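One structure is given here, and the rest of the page talks about it.
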Amino acid sequence: MKRILILVIMFWNLLFGNAAQPVDWANKERYAQENLMLRAAAEDSLRVVLMGNSITEFWYELHPSFFTAHHLVGRGISGQVSSQMLARFRQDVLSLNPSIVVINGGTNDIAENNGPYDEDITMDNIQSMTELALAHGIEVVLTSVLPCDEFCWNPSVRNASEKIIHLNQRIKQYASSLPHVHYLDYYPSMTLDGTSLNKAFTEDGVHPNSQGYDMMEVKLIEMLNQLQH
């Protein structure tokens, strides 16, 4: 039911979102209280922040024990594009002083949640988040955008899978060009045909289900074990 409501809100924003921008466009208040509590808690040298959109948000909702067991902090907000993630990056990542940040963004940029998709702007936002993290001594993991060939809330988007594949190539190339930046490629494990999300891993073709997150968790823990040991 919650996911249906979110999809309705996304569709409404696509139709009327340009009419009036909310004051808290990046929704910085969403995690404000949780951030205060984490900053007041004892320092955690293993803390890892997962920054993202609904794919990250639903992950915590479905598998909260996975986050707790591995010192993960979920900072996903449904529907957000990379520019909104960048706008709240200081509050939701830097202020928590994690050892690692895992950034998963770009899906909603391609879905045109905030206007026409511009790959260069999306990459600029991903690079800016990376640079901010590195400047604060935080190791960066950039993840691939998950496979998807159609967005159920905006079926007018064409060639989604091609745009995702090309963006992933640029993210991978960028990550390989910098020290302390790593590329986590979920894509091959999450598709059978090379373009769409494995039907066993999703209910709507965009968001992983519990089994899909199981697969992603294997890949994430492999990466974190390499960086933390």
In the chain, which helices (entire DSSP H runs) extend 18 Å or more along their own long axis, judged by Cα positions, while averaging at least -0.5 on the Kyte-Doolittle scale? 2-16, 119-135, 210-228
Partner aspartates and glutamates whose C-alpha sits under 20 Å from that of Lys163, ignoring same-chain residues fewer than 8 away, are Asp109, Glu112, Asp118, Glu119, Asp120, Asp124, Asp149, Glu150, Asp185, Asp193, Asp204
For segment 109-184 and segment 31-103, what is the separation of their C-alpha centers, rounded to whole Å? 18 Å
Mind checking the full-extension length gain between Val157 and Ser210? Use 0.36 nm per residue of separation minus the Cα-Cα distance, one decimal, nm. 16.4 nm
Between Glu203 and Gln169, with labels modelled 7 Å along Cα→Cβ, what's the label distance in nm to one decimal, could you check? 3.5 nm
For segment 91-177, what size does the Cα cloud have along each of its three principal axes, sorted from largest down, in whole Å? 41, 27, 19
Using 7 Å Cα-to-Cβ label points, what is the Asp193/Leu62 separation (nm, one decimal)? 2.0 nm
How many nm separate the modelled label positions at Asp118 and Glu131, each set 7 Å beyond the Cα in the direction of the Cβ? 1.6 nm
Dipole check, the chain, charges on Cβ (K,R +1; D,E -1), about Cα centroid: among His63, His182, Ser156 the Cα furthest to the positive pole belongs to His63
Would you mind counting up the charge near Asn225? Only other residues with Cβ under 15 Å from its Cβ, with Lys and Arg at +1 and Asp and Glu at -1. -2
Dipole of the chain, Cα-centred, from +1 at each Lys and Arg C-beta and -1 at each Asp and Glu C-beta, to the nearest 20 debye? 280 debye
Would you mind calculating the gained length between Asp185 and Ile221 on full extension (0.36 nm times residue separation, minus the Cα-Cα distance), in nm to one decimal? 11.7 nm
Percentage, to the nearest whole number, of Cα pairs in segment 158-229 over 20 Å apart: 39 percent
Using only alpha-carbon positions, what ratio does the radius of gyration of the chain give when scaled by 2.2 N^0.38 Å? 0.95
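We did not get these values from a lab; they are worked out from the coordinates using the rules stated. Since the model is a prediction, treat every value here as computed from it, not as a measurement. All Cβ positions, even for glycine, are placed from backbone atoms using ideal geometry, and neighbour counts span all protein chains on display.
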